[in-house]
Structure formats: structure tokens, C-alpha cells
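Data first, discussion second: the structure below is written as C-alpha cells.
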Amino acid sequence: MVVRESFPLLPPYTPPLMYAILIPITIVFLYGIYRIASRFELTKALRSLNLGSLSRGVKRVISQRRVIERTKGFPHLFLFLGTLVLFLGTVTVFLETDILRHFGIFILKDATYFTFEFIMDLFGLILILGIILLFPTREREGKLLLLGLLYIGLTGFLIESIRIHNMPNEASPYSFIGNLLSSYTGSLTGIYQALWWSHAILAFLMIAYLPYSNLLHSLTAIVTSSLEGDEPEFPKEPFLLQEIEDLESVKIGFEDPKELPWYEKYRLSACVKCGRCTDSCPSNIIGRPLSPKEVVIGLRASILGAEYELGDDTVWSCVACGACASSCPNYVSPFSFLMERRRKLVLDGKIDKKMGELINSLRRYKNSLSVPQRGRLSWLSSDEDPDYYIWVGCQYSFDPVGKKVVSRLVDLLRGAGLRIANLGELETCCGEPVRRLGEEGMFQEFALSNSEIFKELGVKKLLVLCPHGLTVFRKEYPRIIKDWNVEVISHVELLSDLINKGKLKVEKFDELTFHDPCNLARFNGIIEEPRSILRMTGAFREMRRRGKDTFCCGAGGANYWYQTGESLMAKERVKEAREAAKNIVVACPFCYAMLNDAIKGLGIEDMRVLEISELVSEASQKS
């Protein structure tokens with residue numbers, strides 16, 4: 001029987017000395033874990049895990065899917081897999097050498113031992129490759145950590161080669177790297193013990209340092225990966241208006257990062273400082289004072305005792321597009337912290353005139369445009385016994401161009417045999433703008449009021465034109481309304497379905513590109529449906545930033561009502577669209593307005609913005 005040697009070429013006092021050294025190392029490591037777990041309330045997060053969510057998290061972490069999807073993703077995969085397999089291999093050796101052999105049990109013997117040696121060498125090589133590829137992309141701390149791992153990897157091969165040179169056995173050829181080097185490392189036998197101890201002690205020190213370093217994410221990423229969904233979500237409700245008795249006792253938002261609720265706080269521990277969030281942030285790209293990476297690093301440092309001030313300009317620069325959350329490999333959601341901070345700013349009255357005007361408009365008129373409700377939707381007829389109630393939204397309810405878009409959509413649906421009704425003056429704001437602004441109580445008032453109206457009218461299927469409304473109806477109302485049972489569908493989904501079933505006929509239109517609304521693509525995962533329409537109606541060409549990697553028009557996060565200036569975000573998007581096609585198709589009233597204004601601002605005369613309903617209407621008329 002061929003078995004793995006125990007501490008070869010080392011004196012007999014090596015095992016007890018090694019474990020003596022491990023005692024303080026373990027204490028330092030465990031204190032670091034305790035420090036992180038207590039300050040970031042990880043125990044509450046762990047209690048929220050179940051078998052299903054944990055299984056999802058393990059799959060995400062092992063597959064490194066979000067890492068691979070991004071630039072430089074494969075080197076990190078090499079680093080992760082190499083480290084994981086070598087760590088598991090070391091644990092296996094420990095279990096056999098120090099526990100199982102005392103009971104006469106051998107795991108690493110014969111064929112199993114040969115396979116083990118081959119796998120360890122293979123993944124040691126993968127680890128070193130990952131380190132070399134990642135090294136140029138890392139900052140100072142990251143470079144030092146990589147150099148430590150590189151030393152551990154290289155000395156591991158040297159130690160193995162010296163052992164094979166002095167104590168060859170039948171497993172030696174399977175350690176293909178060590179076996180190859182063994183012909184050249186015989187002269188290093190005299191420093192074998194020094195190499196072994198430096199290898200072991202550095203590995204121990206890095207384990208002890210792990211909870212205090214940027215490597216912390218390797219422990220906490222499993223929690224965020226388990227508890228977070230693929231699509232970003234708005235922060236949870238600090239209270240439920242239906243249930244609260246004493247609103248003044250409820251903690252809303254935060255002044256000090258230590259006041260963050262646990263379901264936001266634990267996320268901070270998983271940041272890897274890779275910067276993908278900032279790279280994808282449209283506010284950062286156009287020069288606003290917002291770096292999601294710096295926000296997360298600053299909040300985390302503050303919880304650990306450092307000084308950090310989250311500026312109001314930074315908070316209000318966010319467009320709540322979810323790009324940062326969607327791009328994070330560890331499922332951290334930087335925009336959620338900004339939304340939590342907004343709740344506190346609004347509570348304390350720290351808002352400007354335009355923000356105040358939006359709140360007052362919603363309070364007085366029940367819509368975001370300061371227009372009386374009288375006659376709302378009087379221009380749109382209703383069918384009896386409808387298949388769908390249509391939610392038009394504030395923007396299209398009062399805007400003359402928007403009314404034409406809605407009328408065209410309803411004509412299309414009725415032409416396909418569907419009965420459509422509207423809510424008339426009973427339709428108010430869905431509450432999305434005021435929630436993104438940070439006025440949680442008013443949002444919940446809208447949600448409760450609208451749900452009661454739906455119950456009274458017997459609304460079972462709600463057709464929504466605005467992706468912002470779609471998000472709150474689909475994702476946020478059910479968290480507030482206990483008996484919510486309304487099926488919510490986007491008009492894009494319905495049009496795609498009708499065209500695919502042949503109930504709407506369309507002809508080729510012209511060269512087109514599609515601007516994915518953030519709330520449609522990122523928050524609701526509706527990506528293929530609009531493309532299935534465009535492929536049938538035009539010479540469709542994709543923009544560089546598309547799908548979940550779309551680029552915000554600049555209206556999100558209530559920015560439409562309070563941001564003034566040159567509409568730089570929308571102009572950036574129009575310039576990108578112009579490289580793809582001369583017609584931009586949108587599926588959001590805010591994108592429709594922002595991109596049209598940007599085209600005018602850029603002085604472009606041969607470019608057109610079409611709402612997807614307009615496109616289908618014009619393409620169907622050709623047929």
C-alpha cells in the first residue's frame with residue numbers, strides 16, 4: 001500500500017511545535033471573525049439562511065458567474081479555485097495525518113493518493129497563473145496579498161520536489177510539477193526545513209490576517225450570494241404603515257453608518273474593492289460626486305471605527321439605476337445605502353426646493369406633475385369586463401405626446417381581441433418617485449390606497465406602461481400589502497406575446513436600436529421580449545451597453561424632478577445610440593422624454609425616439 005508520508009524530512013518535534021504556533025494564530029483569527037460578525041451583524045444574516053438560499057450561494061461562489069461575466073474574470077476564477085482546492089487538500093492531509101491514522105484509517109492511499117497528488121499540482125499551477133494575471137490589476141494591499149500567496153505556491157512546489165528527490169515513491173510521477181523540478185532541487189535539501197517552516201508560517205499568518213484584510217470577502221461572500229437575488233431590489237421597509245402604532249419609535253434611515261439595519265450592514269463586509277460598481281455607475285461616468293466603491297469602503301470603515309462622512313451631494317447624485325448592484329460579483333448593493341440615507345435626509349427636512357415641490361405635488365394632487373386629477377384619463381375609453389386594467393402612469397396621463405402613445409397601444413390591444421379598461425380619476429401616482437426620494441410613509445400611503453382601489457374594482461390583471469411602476473407593483477407592493485394578488489405585466493411583455501402568437505402582424509420598419517430602461521432590464525429581467533419585437537420589425541442593432549449592462553437616461557431615483565443641468569447622462573446615451581442606428585426605441589415614459597430632450601440639446605435632426613408601442617403600431621399599419 002502506497003500512502004502519503006507524514007512530515008517527511010522533518011524532525012519529530014515538528015508537529016507539536018507547529019500546533020503550538022497555531023494556537024495564537026487561531027485566537028487572532030477567531031477574534032477577527034468575532035469582530036466582523038458582531039459589527040456587521042452577520043449572525044442575523046446567517047439565521048436568515050435556509051437550505052435553498054445556501055445552495056444558491058454555494059453555486060454562485062463556486063461558479064464565479066458574475067466575476068467571469070466581467071473583464072478580468074477568469075484570472076480571479078483561477079485564483080479562487082486554486083486557493084479553494086489547495087485549502088481542501090491541506091485539510092484532507094490534516095484529517096488523515098493527525099486524526100484518522102490513529103484509528104488505522106488511510107484516505108490517501110494507492111490510486112486515491114495518486115489522483116490527489118495530480119490534482120494538487122494541477123491546481124497549484126492554476127493558482128500561480130491566476131496570481132500572475134491578477135497582479136497588475138491590484139492596488140498595494142492586493143499586490144502584497146498576492147505576493148504572499150505566490151510565495152506559498154512556489155515554495156509548495158519546491159518542498160514537494162525536494163521530498164521527491166530524497167524520498168521517491170510510486171506517487172511521484174503524479175506530482176508532475178514537483179517530479180519535474182526534483183532533478184534540479186536536490187542541492188536545496190539543506191534548506192528544506194527553512195522552506196517548509198517559511199511556507200507554513202506565512203500560510204498561518206495569512207489565515208490570521210484574513211478577517212482584517214481585503215480577503216474578508218472570501219468568507220462573507222457566501223452570505224451575500226445566498227441572500228441576494230439576481231435582480232437588485234430597493235431596501236426593505238423600516239416599518240409597515242398598516243401595523244405600526246408608534247411611528248416616532250421607528251428608526252428610519254441612518255445618520256451614523258452603525259445605525260444601518262442588519263440587512264444592509266452585513267453586505268458591507270463582502271466588498272472586494274474591485275471597483276466594478278464605480279466603473280458601471282452612470283453618475284460617476286458623467287462626473288457627479290459619486291463613487292459607489294468609495295461609499296461602501298467608507299461606510300465599512302466607519303462601522304469599524306474610522307471617520308467617514310457621506311456627503312449629501314453624493315447621496316442625491318444616485319439615479320437608483322441598480323448598475324452598481326448588478327455588476328457586483330459579491331451581490332453588494334451600494335445604491336441601497338444611498339436610498340437608506342435619503343430616508344433620513346427627508347425625515348430631517350434636508351431637501352431642496354424641487355424635492356419639496358415633488359412631495360407637495362404628490363400630497364396635494366396625487367400625481368407628480370402638479371396637475372388636478374379632474375378629467376384624468378377622460379380621453380381614454382374603457383371596455384366592460386376587461387382582460388386588463390391599464391395603468392397609464394402620471395407622465396403619459398397628462399402629456400399630449402404620451403396620450404398618443406397610450407391610445408396607439410390600446411388600439412393595438414383591442415385589435416388583437418383584448419378588452420382594456422382604465423381607472424379614470426381613480427388612478428393616482430404609484431408612489432415610486434416619492435419612495436426613491438426617501439419619503440417612505442407617503443409611498444406606503446399610495447400603496448395602501450391603490451390596493452384598495454384595485455380590490456373595489458376587482459382588478460386581477462394590471463397592464464403597466466412605466467417600468468418604474470412595474471417595479472413597485474411587482475416587487476414592492478407585495479412586501480407591504482399582505483393580500484396582494486394582482487398579476488402585473490409590462491406592455492412590452494404583452495406586445496411580444498401577441499406578436500409571437502400571430503395576433504399582431506408587423507412588417508419591417510427601419511434600422512433600430514433599443515435603449516433598455518433600467519427598471520425593465522435590471523430590476524425585472526425583461527430583456528429578450530423587446531428584442532423579439534425589434535428583430536421582427538426592423539434592422540435591429542445592439543448598443544454597446546445593453547440588457548443588464550444598460551446605461552441610465554438620468555431620470556431614475558427621482559432625478560427627473562430635482563436634477564437640473566445639461567442632461568449629460570441622456571446625451572451620453574444618445575451618442576452611443578447614434579453609433580448603432582438612427583432610430584432609438586424605448587419602453588419607458590421617462591426615457592422617452594429624456595432622450596428626446598437630449599437629441600434636441602445635441603442639435604441632431606435625423607434621429608428619432610420611438611416608444612415601442614409606436615413602433616409596433618407603425619409596423620403593423622404597413623402590414
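The values are calculated or read from the model by the stated rules, or taken from the named source; none is laboratory data. Since this is a predicted model, take the numbers as computed values, not measurements. All Cβ positions, glycine included, derive from the backbone under ideal geometry; neighbour counts span all protein chains shown. These accessible areas exclude ligands, DNA and RNA; they are computed on the full protein's heavy atoms, side chains included. Shrake-Rupley method; radii C 1.70, N 1.55, O 1.52, S 1.80 Å.
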>> If you average the alpha carbon positions of segment 133-204 and of segment 544-576, how far apart do those two centres end up, in angstrom?
In response: 51
>> Loop-only GluC sites (Glu not before Pro) in segment 218-307, please: DSSP not H, G, I, E or B, and at most 15 other Cβ atoms within 10 Å.
In response: 243, 245, 255, 307
> Sorted from largest down, what three extents in whole angstroms do the Cα atoms of segment 502-618 have along their principal axes?
Replying inline: 44, 33, 24
> Tell me, what is the percent relative contact order of segment 502-618, built from C-alpha pairs under 8 Å that lie six or more residues apart?
Replying inline: 30
> Of 275, 295, 448, which is farthest along the charge dipole of the chain in the positive direction, counting Lys and Arg as +1 and Asp and Glu as -1 at C-beta?
Replying inline: 275
> Which value in nm describes the separation of the simple spin-label points at residue 497 and residue 379, placed 7 Å from the Cα toward the beta carbon?
Replying inline: 2.8
> Does a label point 7 Å from the Cα of residue 312, set along Cα-to-beta-carbon, have any residues of segment 432-455 with amide nitrogen under 15 Å, and which are they?
Replying inline: 438
>> Given an 8 Å cut-off on Cα distances and at least 6 residues of separation, report the relative contact order of the chain as a percent.
In response: 11
>> Can you return the lysines within cross-link range of residue 460? Criterion is Cα-Cα under 28 Å, with same-chain partners fewer than 8 residues away left out.
In response: 236, 366, 403, 404, 475, 482, 501, 503, 505
> Roughly how tilted is helix 400-415, in degrees to the nearest 10 and between 0 and 90, from the longest Cα axis of the chain?
Replying inline: 80
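Starting from the Cα-Cα distance between residue 3 and residue 606, subtract it from 0.36 nm times their residue separation and give me the gain in nm to one decimal.
209.4 nm
By the gyration tensor of its Cα atoms, with a ≥ b ≥ c the square roots of the eigenvalues, what is the shape of segment 349-489: rounded for a/c under 1.5, prolate for a/b over b/c, or oblate?
Note, shape of segment 349-489 comes out oblate.
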> Can you give the angle from 0 to 90° between the axis of helix 440-457 and the longest principal axis of the chain, with both taken from C-alpha atoms, to the nearest 10?
Replying inline: 60
> How large is ³J(HN,Hα) for each residue in segment 320-328, as worked out from phi by the Karplus curve 6.51 cos²θ - 1.76 cosθ + 1.60 (θ = phi - 60°), to whole Hz, x for Gly and Pro?
Replying inline: 6, 7, x, 4, 5, 5, 5, 8, 6
> If one computes the Cα centroid of segment 373-443 and of segment 456-505, what distance in Å separates the two points?
Replying inline: 12
> Can you give the FRET efficiency for residue 84 and residue 111, using 1/(1 + (r/R0)^6), R0 = 30 Å, r = Cβ-Cβ distance, to the nearest 0.05?
Replying inline: 0.85
> Residue by residue through segment 478-484, which ³J(HN,Hα) values in whole Hz follow from phi under the Karplus form 6.51 cos²θ - 1.76 cosθ + 1.60 (θ = phi - 60°), with glycine and proline marked x?
Replying inline: x, 6, 9, 8, 4, 9, 5
> Between the DSSP loop rule and a limit of at most 14 other Cβ atoms within 10 Å, which GluC sites (Glu not before Pro) in segment 371-480 are left?
Replying inline: 384
>> Taking a ≥ b ≥ c as the square roots of the Cα gyration tensor eigenvalues, with a/c under 1.5 meaning rounded and otherwise prolate when a/b beats b/c, else oblate, which class fits the chain?
In response: prolate
> For residue 539, which sequence-distant residues (separation of 5 or more, or a different chain) have an amide H within less than 5 Å of its own amide H, given hydrogens modelled in the peptide plane?
Replying inline: 509, 510, 511, 512
>> Can you say what percent of the DSSP beta bridges in the chain, counting only those with both residues inside, are antiparallel? Round to 5.
In response: 5
> residue 20 to residue 62: extension gain in nm, 0.36 nm per residue of separation minus the Cα-Cα distance?
Replying inline: 11.8 nm
>> Using the basic label-point model (7 angstrom from Cα toward the beta carbon), what is the residue 445 to residue 69 distance in nanometres?
In response: 3.8
>> Keeping every protein chain present and rolling a 1.4 Å probe, give me the accessible area per residue for the chain in Å².
In response: 44
> Can you give the translational diffusion coefficient of segment 13-225 in µm²/s, computed by Stokes-Einstein from the Kirkwood radius over Cα pairs at 37 °C and 0.692 mPa s?
Replying inline: 172
>> From the phi angles alone, apply the Karplus equation (6.51, -1.76, 1.60; θ = phi - 60°) to segment 101-110 and give each ³J(HN,Hα) in whole Hz, x where the residue is Gly or Pro.
In response: 5, 5, 9, x, 9, 10, 8, 8, 9, 6
> Taking amide H positions as placed 1.01 Å from N in the peptide plane, with prolines and chain starts having none, which residues 5 or more places from residue 420, or on another chain, fall under 5 Å of its amide H?
Replying inline: 383, 387
> Name the chymotrypsin sites (Phe, Trp or Tyr not before Pro) in segment 367-441 that are in a loop by DSSP and that have at most 15 other C-beta atoms within 10 Å, would you?
Replying inline: 379
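Quick one: plug the Kirkwood hydrodynamic radius of segment 306-415 (C-alpha pairs) into Stokes-Einstein at 37 °C, 0.692 mPa s, and report D in µm²/s.
186
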>> Compute the angle between helix 568-578 and the longest alpha-carbon principal axis of the chain, please, reported from 0 to 90 degrees and rounded to the nearest 10.
In response: 90
> All other residues with a Cβ under 12 Å from the Cβ of residue 216 taken together, and with Lys, Arg as +1 and Asp, Glu as -1, what is their net charge?
Replying inline: +3
>> Give me the percent of accessible area attributable to carbon and sulfur for the chain, probe 1.4 angstrom.
In response: 57
